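Undergrad: Take this structure, written in structure tokens, and hold onto it; I'll ask about it next.
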There are 2 protein chains.
Amino acid sequence: MSKYEPVATGQDTSGCCTPLAAPMNPDEAAELSQVFKALGDPVRLRLLSLIAAREGGEICVCELTPAFDLTQPTVSHHLKLLKQAGLIASERRGTWVYYRLLPEATDRLATFLAHPGTSAEIEATDGTAS
Amino acid sequence: MSKYEPVATGQDTSGCCTPLAAPMNPDEAAELSQVFKALGDPVRLRLLSLIAAREGGEICVCELTPAFDLTQPTVSHHLKLLKQAGLIASERRGTWVYYRLLPEATDRLATFLAHPGTSAEIEATDGTAS
DNA sequence: GCTCTGCATTGATGGCTGTCGATGCAGGCA
DNA sequence: TGCCTGCATCGACAGCCATCAATGCAGAGC
């Protein structure tokens, strides 16, 4: 290297700007980001926390709503987004509706965060994560 | 239970609507949600993935920009948001700027996702969560 | 010094999102 | 049957965000 060149750690073919094969395809990124986006709101984060804190993992909407300085439609809206993201599920039981956590979703996010550089699909098939 | 009552699993004091002590205070939720929000975009998710996939955990901006169908200012904007969220750090080296992953941030998120019902602070300070 | 390159910042703009009041709908009860 | 309650949906609106072109700034080379 005669001049300053960005050291492409491990592969200095043309010095710089070697467009790398993305370890995460756009589709997967779009899908995962939807789940993260659902957690990108303090209200939804607290909702998830309240649901998960409940023994049995189930909680009635009538208990969630008064925990916030928000109207009932707003809380319902946030619950809908969490549900669409696959983070929680709902079940009607008589007059009341119960929400419960879906651990698979949070597990998936945790897996990605543990290895952000490798596609999340990989370790579902094999365990050869060096 | 004579009538239908929402079974507050473990504590059926007044039937329903017992406003529970939030296991996550709003301040903490607001802070954590900022980091999740930073991941709530497919471009930033791929950026983080690209950075983390690099051996040594460092990558030049000039390698990141051409990996997207976006203008250079837009990519720079996303990198700035990831940096503000504490997920990555930057270092100028000559003409080029290198970004690297900050594993503490992703570890913190993974910890929350593993136990969404318990405050992330608790296990650091005390355990007197009544 | 001047110029060129790599990256950040600015300002503008269209689309998305959080919030609300109003309303609808389902289930229980008298 | 009619009413009441719990929750979801709708429509509207303000604030935020992703994106771009234009510009600024720092470092390297001549």
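Bear in mind these aren't lab numbers, they're just calculated from the coordinates by the rules spelled out. These numbers come from a predicted model, not from an experiment. Neighbour counts are summed over all protein chains in view; Cβ atoms, including those assigned to glycine, are modelled from backbone coordinates with ideal geometry.
Undergrad: On average, how many beta carbons from a partner chain sit within 10 Å of the beta carbon of a residue in B:31-40?
TA: Average neighbour count from other chains, rounded to a whole number: 6.
Undergrad: Moving on. If you line up the Cα atoms of region B:26-116 on their principal axes, what length do they span on each, largest first, in Å?
TA: So the extents along the principal axes, rounded to whole Å, are 41, 26, 19.
Undergrad: Which distances, shortest first and in nm, link A:GLU104 to the matching position in the other copies, using label points set 7 Å out along Cα to C-beta?
TA: Result for A:GLU104, in nm, nearest copy first: 3.6.
Undergrad: A follow-up question, please. Are any of the pairs A:LYS83/B:LYS83; A:LYS37/A:LYS83; A:LYS37/B:LYS83 more than 22 Å apart by Cα-Cα distance, and if so, which?
TA: Beyond 22 Å: A:LYS83/B:LYS83.
Undergrad: Please compute the contact order of region A:51-121 in relative form: average sequence separation of alpha-carbon pairs under 8 Å and at least six residues apart, divided by the residue count, as a percent.
TA: Computed over region A:51-121, the figure is 31 percent.
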